[in-house]
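Peer 1: If you scroll down you'll find the structure; I have some questions about it.
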Amino acid sequence: MDYLKETPSQTAGPYVHIGLAPAAAGFDIYEHELGFDPVPEGVPGERITVTGRVIDGMGAPVKDVLIEVWQADASGRYADSPEDFRGWFRVVPDFETGVFTLNTIRPGAHGRHAPHLSLWLVARGINVGLQTRMYFPDADNAADPVLNLIEQPHRRESLIATGESGAYNFDIHLQGEKETVFLDV
Amino acid sequence: MTLYQRDRTWHPPALAPDYKTSVARSPRQAMLSLDATASELSGPRFGHGDIAPGENDLITNYAQGGDPVGERIIVHGRVLDENRRPVPHTLVEIWQANAGGRYRHKKDQYLAAIDPNFGGCGRTLTDENGAYAFRTIKPGAYPWRNWVNNWRPAHIHVSVFGHSFGQRLITQMYFEGDPLIAHCPIVKSIPDPRAIEALIAPLDLNEAKPLDCLAYRFDIVLRGRRSTFFENRPEGN
Ligand SMILES: [Fe+2]
């Protein structure tokens, strides 16, 4: 068979910000840094804020994590042209506290999939970027095929944010009793 | 359509105890495996309006009136998928230390000097054949806190998107002939020596520019797409 093998992953390391978020690394190099634009004014949809932390197996916040967010628009549609709401963000936490903040719009449901944000985490000590999802506590998640694939009902909770009225909190646990469900997808 | 499953035995495992930071940062539960859905098959699109010309030239993109110190090199290659299809118009971003092994990052305290003319990052879009190229200087090896005397081989960090969020990949490119590769716990987190080989860029003398610049070749392979010939499930799952 004439297939190639995927290039193996390596950790993004502690200095991932130099490449993907240079302003956070402390210098100014690009005219336009990608992934940090606010949602443009004309884009329809409810404005929401998500805060949270990524927490390691010792209970400490992962302050050097970089998260990418990918989401549908308010009607549940994923962007396929540069004119659309892009639906993609980079999120870097405060280096002192590890708390991140994302300002976006609430995505719509896509088919049977309940509204969710897809998240991809990279950091020092993470050898392959971790995929997960954030669902909303105030949405109907009952028929969601991904949540329903999780065998242990209590682990589904790890993918559902807390909060309401457009202000949500979502902590991601890399290990421990509250370990987040990560997706091999 | 969906993505080929990721061969998790080819990638490094989440827990690689000799790379100490992975111990507290590696999930312990089994991941939830599922076919890619619309969320992973779609992905962000980037265009020429997103980046400026010259951002792929690390020799000039941060220069403050001089050239950075170090060995001038071109790093080039193609982004392909597992079906050998080129991945056109996709964003490739790189970052690296300077020739002395020092990063321009407020958290890097290594005693090697910052180079005033070197930023250490670049980005570009692949062309219609999936080809990309950067000009830069060869990064230096640097020490890091793991065991008491660990040194990273010279490397360039590489981030690639592909056309699906499920293809998203970050890796590191190493240089042919570097004796530190064999000693690095991060490299050795990859179990299969053939997989390590795929991260070592060979010298490409044909693309070196006489009296100017050496060249290294680094091809990147992203997950392939499977056609679903007999689809049972409704669209949108
Ligand atoms: Fe590095």
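Peer 1: Which residues, taken from the range A:152-185, are touching a residue at least 40 places away in the same chain (Cβ under 8 Å) and in a strand (DSSP E or B)?
Peer 2: Residues satisfying the conditions are A:Ala167, A:Tyr168, A:Asn169, A:Ile172, A:His173, A:Leu183, A:Asp184.
Peer 1: Let me ask you something else. Quick one: A:Pro14 ticks every box in (1) part of a loop (DSSP other than H, G, I, E, B); (2) within 7 Å of chain B (Cβ to nearest Cβ); (3) farther than 25 Å from B:Lys188 by Cβ; (4) at pLDDT 95 or above except a single one, so which number is it?
Peer 2: Of the numbered conditions (1) part of a loop (DSSP other than H, G, I, E, B); (2) within 7 Å of chain B (Cβ to nearest Cβ); (3) farther than 25 Å from B:Lys188 by Cβ; (4) at pLDDT 95 or above, the odd one out for A:Pro14 is (3).
Peer 1: If you scan the range A:70-89, which residues turn out to be within 17 Å of A:Glu33 (Cα to Cα) and surrounded by fewer than 20 Cβ atoms within 10 Å (Cβ to Cβ)?
Peer 2: The one that is within 17 Å of A:Glu33 (Cα to Cα) and surrounded by fewer than 20 Cβ atoms within 10 Å (Cβ to Cβ): A:Pro82.
Peer 1: Identify all residues within the range A:25-46 that are within 22 Å of B:Lys106 (Cα to Cα) and more than 16 Å from the ligand (Cβ to nearest atom); write none if there are none.
Peer 2: Correct list: A:Gly26, A:Phe27, A:Asp28, A:Ile29, A:Tyr30, A:Glu31, A:His32, A:Glu33, A:Leu34, A:Gly35, A:Phe36.
Peer 1: Could you say which residue among B:Ala154, B:Ala133 is under 15 Å from B:Leu58 (Cβ atoms) and either within 13 Å of chain A (Cβ to nearest Cβ) or within 12 Å of the ligand (Cβ to nearest atom) (or both)?
Peer 2: When all the criteria are applied, what remains is B:Ala154.
Peer 1: Which residues, counting only those in the range B:27-62, are more than 7 Å from every other protein chain (Cβ to nearest Cβ), crowded, with 16+ Cβ neighbours inside 10 Å and farther than 25 Å from A:Trp88 by Cα?
Peer 2: B:Asp57, B:Leu58, B:Ile59
Peer 1: For the range B:103-127, name all the residues that are at pLDDT 95 or above and polar (S, T, N, Q).
Peer 2: Matches in the range B:103-127: B:Asn117, B:Thr124, B:Thr126.
Peer 1: Out of everything in the range B:68-98 that is buried (at least 23 other Cβ atoms within 10 Å of the Cβ) and over 19 Å from B:Arg217 (Cβ atoms), what residue ends up being farthest from the ligand (Cβ to nearest atom)?
Peer 2: B:Asn98
Peer 1: For the range B:99-109: of the residues being within 14 Å of the ligand (Cβ to nearest atom) and within 11 Å of chain A (Cβ to nearest Cβ), which is farthest from A:Ala25 (Cα to Cα)?
Peer 2: B:Arg102
Peer 1: Continuing with this model, one more query. Mind listing whichever residues of the range A:110-131 are more than 10 Å from chain B (Cβ to nearest Cβ) and of a type in the set (Gly, Ala, Ser)?
Peer 2: Within the range A:110-131, just A:Ala114 meets the criteria.
Peer 1: Okay, moving on. One residue is enough: does the range B:66-81 have a residue meeting the conditions at the interface with chain A (Cβ under 10 Å from one of its Cβ atoms) and in a loop (DSSP other than H, G, I, E, B)?
Peer 2: no
Peer 1: Can you spot a residue in the range A:68-86 that is under 30 Å from B:Lys20 (Cβ atoms) and among the polar types (S, T, N, Q)?
Peer 2: No, the range A:68-86 contains no residue that is under 30 Å from B:Lys20 (Cβ atoms) and among the polar types (S, T, N, Q).
Peer 1: Of all residues being more than 8 Å from every other protein chain (Cβ to nearest Cβ) and not in a loop (DSSP other than H, G, I, E, B) in the range A:72-92, which is farthest from B:Leu91 (Cα to Cα)? Just the residue, please.
Peer 2: Once the filter is applied, the top-ranked residue is A:Val91.
Peer 1: I'm trying to understand the selection: among the residues of the range A:2-16, which are surrounded by fewer than 24 Cβ atoms within 10 Å (Cβ to Cβ) and within 16 Å of the ligand (Cβ to nearest atom)?
Peer 2: Within the range A:2-16, A:Pro14, A:Tyr15 qualify.
Peer 1: Continuing with this model, one more query. Among the residues of the range B:46-67, how many are closer than 16 Å to B:Ile156 by Cβ and either free of Cβ contacts under 8 Å to residues at least 12 places away in the same chain or of a type in the set (A, V, I, L, M, F, W, C) (or both)?
Peer 2: 2
Peer 1: Also: Every residue in the range A:65-102 that is basic (Lys, Arg) and out of contact with any helix residue (DSSP H, G or I) (no Cβ under 7 Å at 6 or more places or on another chain), please.
Peer 2: Answer for the range A:65-102, where residues must be basic (Lys, Arg) and out of contact with any helix residue (DSSP H, G or I) (no Cβ under 7 Å at 6 or more places or on another chain): A:Arg77, A:Arg86.
Peer 1: Let me ask something else. Restricting the first residue to the range A:140-151 and requiring it to be over 15 Å from A:Asp184 (Cα atoms), which pairs with a second residue that is part of a loop (DSSP other than H, G, I, E, B) meet a Cβ separation below 6 Å and a spacing of at least six or different chains?
Peer 2: Within 6 Å, the pairs are A:Asn141/A:Ala114; A:Ala143/A:Arg112; A:Asp144/A:Ala114.
Peer 1: I've got another one for you. For the range A:17-44, how many residues are crowded, with 16+ Cβ neighbours inside 10 Å, part of a loop (DSSP other than H, G, I, E, B), among the small types (Gly, Ala, Ser) and at the interface with another protein chain (Cβ under 9 Å from one of its Cβ atoms)?
Peer 2: Adding up the residues that qualify gives 1.
Peer 1: Suppose we filter the range B:110-130 for residues that are within 16 Å of the ligand (Cβ to nearest atom) and touching a His at 6+ places or on another chain (Cβ under 7 Å); how many remain?
Peer 2: 0
The values are calculated or read from the model by the stated rules, or taken from the named source; none is laboratory data. Computed from a prediction, not measured in an experiment: that's the story for all the values here. Here Cβ is always computed from backbone atoms with ideal geometry, including for glycine, and neighbour counts include all displayed protein chains.
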